[in-house]
Amino acid sequence: MTGPEAGGRDQTGRNETDMSDSWSHRLREPLPRRALGPGILVLLWVLRVYVMVAVPLVVYAFIRAFHQGH
Amino acid sequence: MSGVDAAARPDREDQLRALDRGRVEKARSLGRPFALFFLLAGPGILVMLGENDGPSMISYATTGAIYGIGFFVPFIVLTFLMAFTVQEMTVRLGIATRRGHAELIFDRFGPFWGYFSMIDLAVGNVLTLITEFIAIRAGAAFFGIPAPLAVSGGIALVLFAISMRRYFTWERAALALAAFNLLFVPAALMAHPDWAGLGRALGTWSPLPGGVSASFMTLLLADVGATVTPWMIFFQQSAVVDKGMGRKDIAQGRYDTLVGAAIAAAAAVATLIAAAPLFTNHINVASFSGGADFATALQPYLGHAGASLFALGIIEAGLVAAMTISASSAYALGEVLHTRHSLNAGFLDGKEFYICAVASVVFAALIVLIPNAPLLAITLAVNVIATLLMAPALVFLLLLANDREIIGSLANSARSNWFGGAIVVAIALMGTAYGVITVFPDLIPK
């Protein structure tokens with residue numbers, strides 16, 4: 001645990017009480033990838049399937065409305 | 001510019017933010033709570049009033065015209081409580097990480113979800129911006145203002161606010177404009193509402209003329225879609241970061257969001273009440289296509305002044321949303337590309353940011369002016385995108401709000417997880433249902 005509760009720096013690279021330093025340059029340093037547990041991995045795969053179904057629905061809705069409007 | 005170069009010299013963005021922070025700290029040290037709130041308010045109020053955009057106000061007016069004062073009055077209030085719960089998480093995320101939502105998704109969950117969220121947001125925002133300019137054009141039409149003039153005026157105002165290159169100025173300009181969302185309140189008063197009926201509706205969630213039907217379900221889901229949308233999550237978190245809010249400001253960040261939700265709920269309910277005479281007088285609004293139609297139809301009941309307020313409110317709704325939505329696209333692009341993304345940045349330092357904001361507004365405005373552009377299809381697509389693709393945005397919000405490695409002690413508590421999780425699931429399910437009903441209207445019996 002390296003969170004701010006521990007009094008150290010969190011993964012955003014700063015101490016939570018440190019308010020005076022530059023904000024802008026730090027934004028160019030990406031955060032590390034999150035270690036995903038099995039529950040979240042399953043959730044993200046379900047979400048992928050959902051997105052694969054939802055995106056064609058959006059395209060279908062647009063094309064149908066486009067034809068109805070002309 | 002490399003990260004090392006940017007770190008080597010104090011830049012305009014940091015200097016301006018430090019100036020704002022100095023005022024905040026002075027107000028805090030002098031024990032001036034109202035001054036402190038005045039300085040720290042902004043992202044929450046803007047996101048809530050930004051979502052009270054042109055299409056949303058039309059949705060509330062349609063609800064009032066079809067169902068009158070009854071079930072939907074407390075329901076709309078409930079949707080804003082849900083919106084507050086969702087948006088409050090973005091305040092904590094922004095304060096704890098000092099990073100925008102798009103950047104967090106990209107970094108923590110990888111490029112697939114990063115690019116998906118970015119493309120989803122970009123497409124949804126551009127299409128929504130088009131609907132905002134449709135609203136501006138429709139509201140202006142009530143006053144006889146030609147479409148090119150109305151749209152040009154809208155572009156000019158949004159670009160002028162951005163050109164200040166100062167977050168605080170942009171925010172205050174947007175807040176001043178957003179105050180006109182309350183024009184719907186005097187319009188509602190001119191409808192001479194039945195106060196006893198309003199109180200009864202709030203207390204009993206009734207009446208519900210016609211009971212549960214396809215029309216009821218569609219409006220119910222549309223009103224949820226009018227209150228919580230993906231761009232709100234991205235915008236408020238980025239604005240909290242750009243404003244420079246820190247952990248000491250978290251209470252004001254919450255109040256800001258709560259006040260925004262309360263004002264937006266008042267304006268939404270007022271819009272419903274203002275349109276309620278159309279229900280009482282059995283006016284069919286099925287063929288209405290925009291704000292001007294409602295303003296014209298309401299003129300016999302609200303008078304010319306009331307109808308004018310309604311039309312002005314529609315214009316304002318479109319303008320504020322155009323400012324906030326274009327900013328949310330620009331923030332997200334900068335976050336994903338790791339380029340400068342601040343309304344405090346200079347034009348050269350933040351060129352990608354400003355180009356994105358300006359281009360999205362100009363593109364949307366020009367589409368509205370194209371003769372025979374598929375505006376109906378665009379409006380429908382906006383609804384479907386915002387609702388169907390709300391579920392992934394909410395899931396990532398909840399995951400990030402529980403990511404203790406980056407949010408630390410500001411992570412969701414068990415209670416807020418149950419409460420927030422239930423709301424996220426409810427909104428996601430309702431959004432998905434609305435999207436599916438919109439695409440396949442024959443699925444539910446008439």
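The values are calculated or read from the model by the stated rules, or taken from the named source; none is laboratory data. Note that the structure is a prediction, hence the values are computed from the model and not measured. Glycine also receives a Cβ, built like all others from the backbone with ideal geometry; neighbour counts cover every protein chain displayed.
I need a count of the residues in the stretch B:377-396 that are free of Cβ contacts under 8 Å to residues at least 40 places away in the same chain and either of a type in the set (D, E, K, R) or farther than 16 Å from B:Phe109 by Cα (or both).
Restricting attention to the stretch B:377-396, the residues satisfying the condition of being free of Cβ contacts under 8 Å to residues at least 40 places away in the same chain are B:377, B:395.
Keeping just the survivors that are either of a type in the set (D, E, K, R) or farther than 16 Å from B:Phe109 by Cα (or both) gives B:377.
Counting residues in the stretch B:377-396 that are free of Cβ contacts under 8 Å to residues at least 40 places away in the same chain and either of a type in the set (D, E, K, R) or farther than 16 Å from B:Phe109 by Cα (or both) gives 1.
The condition of being modelled with pLDDT of 95 or more and either touching a helix residue (DSSP H, G or I) at 6+ places or on another chain (Cβ under 7 Å) or closer than 30 Å to B:His341 by Cβ (or both) does not hold for B:Ala305. I want to confirm something. Restricting to the stretch A:21-42 and keeping residues that are facing another protein chain (nearest Cβ under 7 Å) and modelled with pLDDT of 85 or more, which single residue is nearest to B:Leu429 (Cα to Cα)? If we take residues in the stretch A:21-42 being facing another protein chain (nearest Cβ under 7 Å) and modelled with pLDDT of 85 or more, then A:Ile40 is nearest to B:Leu429 (Cα to Cα).
Which residues, counting only those in the stretch A:50-63, are loosely packed, with under 13 Cβ neighbours inside 10 Å and either closer than 13 Å to B:Thr432 by Cβ or polar (S, T, N, Q) (or both)? Answer for the stretch A:50-63, where residues must be loosely packed, with under 13 Cβ neighbours inside 10 Å and either closer than 13 Å to B:Thr432 by Cβ or polar (S, T, N, Q) (or both): just A:Val53. Per this entry, B:Ala161 is counted among residues that are assigned to a helix (DSSP H, G or I) and of a type in the set (A, V, I, L, M, F, W, C).
Residues in the stretch A:45-67 that are facing chain B (nearest Cβ under 7 Å) and modelled with pLDDT of 85 or more: A:Leu47, A:Tyr50, A:Val51.
Which residues, taken from the stretch B:363-416, are part of a helix (DSSP H, G or I), at the interface with another protein chain (Cβ under 8 Å from one of its Cβ atoms) and of a type in the set (D, E, K, R)? Across the stretch B:363-416, the qualifying residues are B:Arg404, B:Glu405.
Please work out which residue is nearest to B:Lys351 (Cα to Cα), limiting yourself to the stretch B:138-158 and to residues that are of a type in the set (Val, Ile, Thr) and part of a helix (DSSP H, G or I). Don't jump to the end; show me each part of the working.
First, pick out the residues of the stretch B:138-158 that are of a type in the set (Val, Ile, Thr): B:145, B:151, B:155, B:158.
Checking the rest, the ones that are also part of a helix (DSSP H, G or I) come to B:151, B:155, B:158.
Details: B:Val151: 24, B:Ile155: 18, B:Val158: 17 Å.
The residue in question is B:Val158.
Can you confirm whether B:Leu319 is at pLDDT 95 or above, crowded, with 24+ Cβ neighbours inside 10 Å and hydrophobic (A, V, I, L, M, F, W, C)? Spelling it out, B:Leu319 is indeed at pLDDT 95 or above, crowded, with 24+ Cβ neighbours inside 10 Å and hydrophobic (A, V, I, L, M, F, W, C).
Within the stretch B:188-205, does at least one residue satisfy the condition of being out of contact with any Cys (no Cβ under 7 Å at 6 or more places or on another chain), within 14 Å of chain A (Cβ to nearest Cβ) and outside any helix (DSSP H, G or I)? Taking every residue of the stretch B:188-205 in turn, none turns out to be out of contact with any Cys (no Cβ under 7 Å at 6 or more places or on another chain), within 14 Å of chain A (Cβ to nearest Cβ) and outside any helix (DSSP H, G or I).
Against the list (1) without any contact (Cβ under 8 Å) to a residue 12 or more places away in the chain; (2) of a type in the set (A, V, I, L, M, F, W, C); (3) more than 30 Å from B:Ala239 (Cα to Cα), the condition B:Ala359 fails is (3).
To keep it simple, each residue is scored yes or no on (1) within 10 Å of another protein chain (Cβ to nearest Cβ); (2) closer than 14 Å to B:Leu399 by Cα.
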residue: B:Phe71; (1), (2): no, no
residue: B:Leu78; (1), (2): no, no
residue: B:Ala83; (1), (2): no, no
residue: B:His101; (1), (2): no, yes
residue: B:Arg108; (1), (2): yes, yes
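Sub-7 Å Cβ pairs linking a first residue in the stretch B:397-423 that is more than 22 Å from B:Gly246 (Cα to Cα) to a second residue that is at pLDDT 95 or above and assigned to a helix (DSSP H, G or I), at least 6 apart or interchain, are B:Gly420/B:Met89, ordered by first then second residue. Restricting to the stretch B:221-266, name every residue that is modelled with pLDDT under 85 and either in a helix (DSSP H, G or I) or in contact with a Cys (Cβ under 7 Å, 6 or more places away or on another chain) (or both). Within the stretch B:221-266, B:Leu221, B:Ala222, B:Asp223, B:Val224, B:Gly225 qualify.
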